[in-house]
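The values are calculated or read from the model by the stated rules, or taken from the named source; none is laboratory data. These numbers come from a predicted model, not from an experiment. Quick reminder, even Gly has a Cβ in these numbers, built from the backbone with ideal geometry, and neighbours come from all protein chains shown. Just so you know, the surface numbers come from the protein's heavy atoms only, side chains and all, with ligands and any DNA or RNA stripped out. Shrake-Rupley method; radii C 1.70, N 1.55, O 1.52, S 1.80 Å.
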There are 2 protein chains.
Amino acid sequence: MSQDAAPRKGQRDTVSVTLQDIAAHAGVSRSTVSLVLRESPLVAERTRRKVQRSIKALGYVYNRGAAALRGSRTATLGVVVYDIANPFFGAMVAGIDAALHRQGYVSFLANSEDSPERQQRFLERMREHRVDGILLCPAEGTDPALIATLADWGLPCIQVLRHVGEPPFDYAGTDFRQGVCQAMDHLVALGHRRIAFLGGHREHSATRERWQGYRESLERHGLDYQRLLRATVTRRDGFTLIQQLMAESPAPTAVVCHNDLVAFGAMLGLKRMGLTPGVDCAVIGTDDLEEAALGDPALTSVATHPYAIGEEAARLALRRIADPAGAREQVVLAPRLQVRDSCGAPASSGPAASSGGHY
Amino acid sequence: MSQDAAPRKGQRDTVSVTLQDIAAHAGVSRSTVSLVLRESPLVAERTRRKVQRSIKALGYVYNRGAAALRGSRTATLGVVVYDIANPFFGAMVAGIDAALHRQGYVSFLANSEDSPERQQRFLERMREHRVDGILLCPAEGTDPALIATLADWGLPCIQVLRHVGEPPFDYAGTDFRQGVCQAMDHLVALGHRRIAFLGGHREHSATRERWQGYRESLERHGLDYQRLLRATVTRRDGFTLIQQLMAESPAPTAVVCHNDLVAFGAMLGLKRMGLTPGVDCAVIGTDDLEEAALGDPALTSVATHPYAIGEEAARLALRRIADPAGAREQVVLAPRLQVRDSCGAPASSGPAASSGGHY
DNA sequence: AAGTGCTTTTGGATTGATCCAAAAATAGAG
DNA sequence: CTCTATTTTTGGATCAATCCAAAAGCACTT
């Protein structure tokens, strides 16, 4: 009879070791063991060691679910992106992952595919799982009220890359406006005066910021030529649009692209027309993906540091969880123009210097 | 005094609505509400509706943590990949995500960066979170004993893409051997007789399978030329290795690459030498990433369907969770050669037909 | 009216940790 | 050798659900 109660070898997965068991083994109370596990400074050194020995001896596994039920943290976070197959987001998620891991956090990932409905379902599920916070790259068409809803739910939310709703909110991203300005300045310095902008999702903060940078730069440099082609953000779009554009008269001598994928497409489109990227038309991308350096020609690109954005977003989330009432923060990294071979001076001018304007 | 106990508007996050509250509101017991939530057929239709109305009225949020404590499932899964920034894995994760979401599951993601230590830490954390199962793309250098350890932990584990340890185990992937064979057959049919293989991680099932396909094909077609260049799996490797290879004498007339990234690098390397991919040397990739179709020239590639692999892996995981003692399964998808412009007949022969061998 | 076989519903025990106020042990001062 | 002050330790209540055996309700027979 009493034999039945003994823990059976090799079948431990049914009956798991609990705090109680360790307490008994170490000759202390449940509470003390709990304190040891949470590395409380209250516990005396000798006791701590004794308990830790018992933990090892019994092969104890901490039950985070049980801890979360009584405590206030789950040490989990929800991460929503809209296109995980895009290497930009891959790198960003890698950054998030690295930063969270260091702090003992772990994250649920969802791919919204830019569908607000999918996004909503995932967020509701995250609420049921009692995550400590959310990292959100809002899907296109996200209701701005969502941010307030999450606040009502008591769920800290850090927006990443794009943002919706009214400030103040927590946000981590890059200064896309400044990035485009850098690209434009560089082109103007090389002598370009007809510069087009290629691509950009419909209505989004990240797109608006780029367009703003484009328009501002035109004005600042007193350029008349303005050509802003909206489109989605794929390689194929770049391929198609550049060919339309180069058939116009006058054609641009340079294009700045919404992202690297569009730029790759544009370079390919130029080649398809028998033109040489960087000679017949300068091309600048945005993101500086790994492949940019190995393009043909190597692509000049505005580096937006997705890995770093991910890290910053994760850190910000942890700060907000620690201090939910703290002032909202906006971490905006500075982009950096990575100059390579895809943009030279305009065709008619020599390999001339930084004083623009002989076109 | 008693006013203080009343739930305060707009501050509901401190005191949450529980089953008990709903039971009281609907005039039934806690157990009945629980049954309704789990869609048990035991509950009478009238009762169900009454309870559901109360759930809506009180704005109840299911607490999955509490449910998991008493019940046996957490409806969560751990997913480990080794390079989330690689678009192949991005697509795979998207497939996993889609399949899990449909079943109400949600997944923790970790990026091991091919470090067995990071992988180990994550798996331990997953155990503490009591996930129902693991989808594992084992990091390079993973101890084969890991699979047995996970089994000891009572954690179902589906290996994806690569596998370690002894069969039987659960696995989802592609038949890489067959993929390489398809590529080789195609090249031989076009008249190629000197075909090299480029790239491949050190020791891995997924690499071994490809090499096996290469060697088998050489033998089957009676080819003497054999050149297998090991390397890691990046664009840069392809770029470097192809240039070494083409400087040899005799040089190959075609290369099959470990993945598309290596193939892109190889095409770029050929151009750098003044050669034309698809004319001076045929190139075939593996994976068929989105960018393959838009390469210059468009890349012929063995499609390995990462999204589908992700879906299959997720489905297999759910099956194994439902039936932990069931027979182990290996879901191996068939790859498909996607013919494009990067491989023609060898330079000296005409645009000749399917009867190989005039070289 | 009692008995039979269903379908529904129920309360108490249980899961495994944390919180908290209070008790116990120890150190230091007079 | 007390008495206080400080450091450690503790047990009971609690978190919010599920499990399970038993009770209640209900429709039919007989």
**Request:** Please determine, in degrees from 0 to 90 and to the nearest 10, the orientation of helix A:235-247 with respect to the longest principal axis defined by the Cα atoms of chain A, where the helix direction is its Cα long axis.
**Result:** 10 degrees
**Message:** Going 7 Å from Cα along the Cα-Cβ axis for the label, what nanometre distances separate A:Asp224 from the same residue across the other copies?
**Reply:** 7.0
**Prompt:** Hey, for A:Ser31 with labels 7 Å out along Cα-Cβ, what do the inter-copy distances come to in nm, ordered shortest first?
**Reply:** 3.4
**Item:** Beta bridges by DSSP in chain A, antiparallel share as percent, to the nearest 5
**Value:** 10 percent
**Prompt:** Suppose every K and R has +1 on its Cβ and every D and E has -1 on its Cβ; what is the size of the dipole of chain A about the Cα centre, in Debye to the nearest 20?
**Reply:** 1600 debye
**Prompt:** Between rounded, prolate and oblate, where does chain B land on the alpha carbon gyration tensor, with a ≥ b ≥ c its root eigenvalues, rounded for a/c under 1.5, else prolate if a/b exceeds b/c?
**Reply:** prolate
**Request:** Can you find, among A:Gly95, A:Tyr214, A:His204, the residue farthest towards the positive end of the dipole of the protein assembly as shown? Put +1 on the C-beta of Lys and Arg, -1 on that of Asp and Glu.
**Result:** A:Gly95
**Item:** the stretch B:169-247 shape via C-alpha gyration tensor axes, a/c threshold 1.5
**Value:** oblate
**Asked** Can you tell me the accessible area per residue over the stretch B:114-187, all protein chains present, probe 1.4 angstrom, in square angstrom?
**Response** 34 Å²
**Message:** Quick check for me: using +1 on Lys/Arg Cβ and -1 on Asp/Glu Cβ, what's the dipole size of the protein assembly as shown about its Cα centre, in debye to the nearest 20?
**Reply:** 2520 debye
**Item:** Whole-Å semi-axes of the protein assembly as shown's equivalent ellipsoid (Cα gyration tensor)
**Value:** 50, 36, 22
**Asked** Once Lys and Arg get +1 and Asp and Glu get -1 on their Cβ, which of B:Ile195, B:Leu268, B:Ala293 lies farthest toward the positive end of the dipole of the stretch B:176-303?
**Response** B:Ile195
**Request:** Select from A:Glu216, A:Glu45, A:Glu128 the residue whose mean-square fluctuation is largest in a Gaussian network model of chain A (Cα-Cα springs shorter than 10 Å).
**Result:** A:Glu45
**Message:** Quick check for you: which residues of the stretch A:206-230 have the amide N under 19 Å from the point 7 Å beyond the Cα of A:Thr240 toward its beta carbon?
**Reply:** A:228-230
**Fill in**
By the C-alpha gyration tensor axes a ≥ b ≥ c (rounded if a/c is under 1.5, else prolate when a/b exceeds b/c, else oblate), the shape of the stretch B:205-277 is oblate
**Prompt:** Taking a probe of 1.4 angstrom, what is the accessible area of A:Cys137 in Å², to the nearest 10?
**Reply:** 0 Å²
**Relative contact order %, the stretch B:19-62, counting alpha carbon pairs below 8 Å whose residues are six or more apart** = 40 percent
**Prompt:** What ranking, highest mean first, results for peptides A:101-109, B:272-280, A:306-314 when packing means the other Cβ atoms within 10 Å averaged over each residue?
**Reply:** A:306-314, A:101-109, B:272-280
**For the stretch B:264-304, residues shielded by at least 20 square angstrom of accessible area compared with the chain on its own, probe 1.4 Å** = B:Leu268, B:Lys271, B:Glu291, B:Leu294, B:Asp296
**Request:** Return the FRET efficiency for the residue pair B:Thr232, B:Arg319: r is the Cβ-Cβ distance, R0 is 30 Å, and the value is rounded to the nearest 0.05.
**Result:** 0.30
**Prompt:** Mind listing the phi-derived Karplus ³J(HN,Hα) values for the stretch A:142-148, rounded to whole Hz, using 6.51, -1.76 and 1.60 with θ = phi - 60°, and x for any glycine or proline?
**Reply:** 5, 5, x, 5, 4, 4, 5
**Message:** Among A:Val255, A:Thr232, A:Thr149, whose Cα projects farthest towards the positive end of the dipole of chain A, with charges put on the beta-carbon of Lys, Arg (+1) and Asp, Glu (-1)?
**Reply:** A:Thr149
**Request:** Express the carbon and sulfur contribution to the solvent-accessible surface of chain A as a percent, rounded to the nearest whole number, probe 1.4 angstrom.
**Result:** 50 percent
**Prompt:** Given a 1.4 Å probe and the protein chains all in place, what does the accessible area of A:Arg127 round to, in Å² to the nearest 10?
**Reply:** 60 Å²
**Fill in**
Within the protein assembly as shown, pairs of Lys residues whose Cα atoms are less than 28 angstrom apart, provided they are eight or more positions apart or on distinct chains, add up to 5
**Asked** With springs only between Cα atoms under 10 Å, which of A:Ala91, A:Ala263, A:Ala148 fluctuates most in a Gaussian network model of chain A?
**Response** A:Ala148
**Complete:** For A:Gln338, inter-copy label-point distances (7 Å, Cα→Cβ), nm, shortest first, read 2.5
**Prompt:** Where is the GNM fluctuation largest for chain A (alpha-carbon springs, 10 angstrom cutoff): A:Ser29, A:Ser115, A:Ser72?
**Reply:** A:Ser29
**Request:** Using only the alpha carbons of the stretch A:176-303, determine the length spanned along each of the three principal axes and report them from longest to shortest in whole angstroms.
**Result:** 33, 29, 24
**Complete:** For chain B, longest principal axis from Cα atoms; helix B:205-220 axis from its Cα atoms; angle between them, nearest 10 degrees, is 30 degrees
**Request:** Using only alpha carbon pairs under 8 Å that are at least six residues apart, calculate the relative contact order of chain A and give it in whole percent.
**Result:** 17 percent
**Prompt:** When only the heavy atoms of the protein chains count and the probe is 1.4 Å, how do B:Asp288, A:Asp152, A:Asp132 rank by accessible area, highest first?
**Reply:** A:Asp152, B:Asp288, A:Asp132
**Request:** Report, in deg cm²/dmol and to the nearest 500, the calculated mean residue ellipticity at 222 nm for chain A, where each DSSP H run with n ≥ 4 adds -39500 (n - 2.57) and the sum is divided by the residue count.
**Result:** -13000 deg cm²/dmol
**Order of exposure, largest accessible area first, which applies to A:His129, A:His25 with probe 1.4 Å** = A:His25, A:His129
**Request:** Only Lys, Arg, Asp and Glu count, each charged at its Cβ (+1, +1, -1, -1), so figure out the dipole size of the stretch B:187-313 about its Cα centre, rounded to 20 debye.
**Result:** 580 debye
**Request:** Would you compute, for the Cα atoms of the stretch B:35-191, the largest minus smallest coordinate along each principal axis and list the three values in descending order, in whole Å?
**Result:** 74, 38, 30
**Message:** Rounding to the nearest 10 and keeping the result within 0 to 90°, find how far the Cα-based axis of helix B:87-102 lies from the longest principal axis of chain B.
**Reply:** 30 degrees
**Asked** What does the accessible area per residue of the stretch A:236-289 come to in Å², with a 1.4 Å probe and no ligands, DNA or RNA counted?
**Response** 31 Å²
**Request:** State, in square angstrom and to the nearest 100, the accessible area buried between chains A and B, both chains counted, probe radius 1.4 Å.
**Result:** 4600 Å²
